[in-house]
Amino acid sequence: MHSLTQEIQGFSKQRLRKQCTRVTTVTGRKLLERRSDGGGGGEQVEEVEELQEEEGGCGFVEDTSLDLQVGVARPFLLLASQDAAHDIDTLRRFKVSHVLNVAYGVAELFPDQMVYKTLQILDLPDTDITAYLEECGSFIDQARDQGGVVLVHCNAGVSRSSSIVIGYLMLREKLSFDDAFSQVKLARPSIRPNPGFYQQLQNYKP
């Protein structure tokens, strides 16, 4: 009879099925993100596909708790998940006037009350995140110059939005990658740019 210790020692990552997360957007679209171990010490999104019907053969993890934590990178520059971006009380509490949506398939809920800019960016390591920094930077500048507050969000507020905010600090404030990353991590501890974004930003020379 195997002891629990032996079972744990004999456990192999390879025996795990790839993690799949099903996302239903507010517009009713069903997306499936498949994640795999990135080999570099973190998981990465392998693909995102649109579901036409119910899919089987994959273990789903449904997270029903809302993530309303808002990271304040600068007084005019916030980052968060789509939950915070869809919560009008949170938006009002942080005096958000502009919303930069860099998620895929996430709707703008309050177009009459906020100024929106939407760029549908896939959270994939081979997406060129730096190609979006100038356009995003201009929108953030617009909010700042108008005395407003801009919330940058993606789906989870972990990879795409954090990469944009890190890139903005490098672009506009000439911070090094390490300094920008540390400041954004301090503002929102859950951030984790995917391995491709991380490397692109490390090599980014504004």
Legend entry - Output for the stretch 78-93, where each listed residue is assigned to a strand (DSSP E or B) and either within 11 Å of Cys154 (Cβ to Cβ) or among the basic types (Lys, Arg) (or both): Leu79, Ala80
Inset, instruction - Answer yes or no as to whether Asp89 is over 21 Å from Gln142 (Cα atoms), surrounded by fewer than 22 Cβ atoms within 10 Å (Cβ to Cβ) and without any contact (Cβ under 8 Å) to a residue 40 or more places away in the chain. - result: yes
Inset, instruction - Only residues that are assigned to a helix (DSSP H, G or I) and either within 17 Å of Leu124 (Cα to Cα) or touching a strand residue (DSSP E or B) at 6+ places or on another chain (Cβ under 7 Å) (or both): list them for the stretch 170-206, please. - result: Gln183, Val184, Ala187, Pro195, Gly196, Phe197, Tyr198, Gln199, Gln200, Leu201, Gln202
Inset, instruction - State all residues of the stretch 124-135 that are touching a residue at least 40 places away in the same chain (Cβ under 8 Å) and charged (D, E, K, R); if no residue qualifies, say none. - result: Asp126, Asp128
Inset, instruction - Mind counting the residues in the stretch 107-123 that are among the hydrophobic types (A, V, I, L, M, F, W, C), in a loop (DSSP other than H, G, I, E, B), touching a residue at least 24 places away in the same chain (Cβ under 8 Å) and in contact with a strand residue (DSSP E or B) (Cβ under 8 Å, 6 or more places away or on another chain)? - result: 1
Inset, instruction - Would you check which residues across the stretch 141-157 are of a type outside the set (Gly, Ala, Ser), more than 17 Å from Glu108 (Cα to Cα) and in contact (Cβ under 8 Å) with a residue 60 or more places away in the chain and list them? - result: Arg144
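Here, each number is a calculation from the coordinates, and none is a lab measurement. Remember, it's a predicted structure, so these values are computed and weren't measured experimentally. FYI the Cβ positions are ideal-geometry reconstructions off the backbone, even for glycines, and counts take in every protein chain you see.
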